[in-house]
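Below is one structure, written out as structure tokens; comments come after it.
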Amino acid sequence: MSIKDLLEIKTGELLAKTEDLKESNESLRLLNQAIRIKAEETKDSRKSLTESEEKLVTVVDKLAETNERFEITNKEILKVTEELIEANERIKQFVLKQKDFIDITSHEIRTPIQAILGYGEILISQPQTNVEYIK
């Protein structure tokens, strides 16, 4: 084999290697481009996630404020409920006292009226002469 043949073989090999390197280089360029795109998408996702986290923090703060207001309102409702229970007990006591008063009063009024009715019946059942005696 001559040098020229060897040179042609080596040149062919170099050309083949150069072609392989070009293909590898193109493949690396495409992969690098895909990596850049993914990096941009990741950057956009991070930005979106950060914005979402900020919104979430705002919502959580508002929720905490609302919970505090509910707690205050619940305490006020509890206080009013306790006052209503006390008022209801006072009303029950008043109703019992009122019933006792009415029972006693009706008894006190009924007793003299019964006596008056009894005397009235006696007078009606007596002859007319007794009625003149009353005049």
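The values are calculated or read from the model by the stated rules, or taken from the named source; none is laboratory data. It should be emphasised that the depicted structure is a prediction, and the values quoted were computed from it without experimental measurement. A quick note on method: Cβ atoms are made from the backbone with ideal geometry, for glycine too, and the neighbour counts reach across all protein chains shown. Remember, those area values only see protein heavy atoms, side chains included, never the ligands or the DNA or RNA. Shrake-Rupley method; radii C 1.70, N 1.55, O 1.52, S 1.80 Å.
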Regression test value, accessible area per residue of the chain, probe 1.4 Å, units Å², expected 95 Å²
Under 28 Å from the Cα of LYS97, which lysines turn up, not counting those fewer than eight places away in the same chain? LYS79
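Summarise the accessible area of the chain (1.4 Å probe, protein heavy atoms) by the percent that is carbon and sulfur. Before the final figure, lay out each step's value.
Values: 8050 of 12890 Å².
C and S fraction of accessible area: 62 percent.
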In degrees, nearest 10, the alpha-carbon axis of helix 3-125 is tilted away from the dominant principal axis of the alpha carbons of the chain by 0 degrees
Full-extension gain in nm, ILE72 to ARG110, via 0.36 nm per residue minus C-alpha separation: 8.1 nm
Charge dipole magnitude, Cβ of K and R +1, D and E -1 - the chain, Cα centre, debye nearest 20: 140 debye
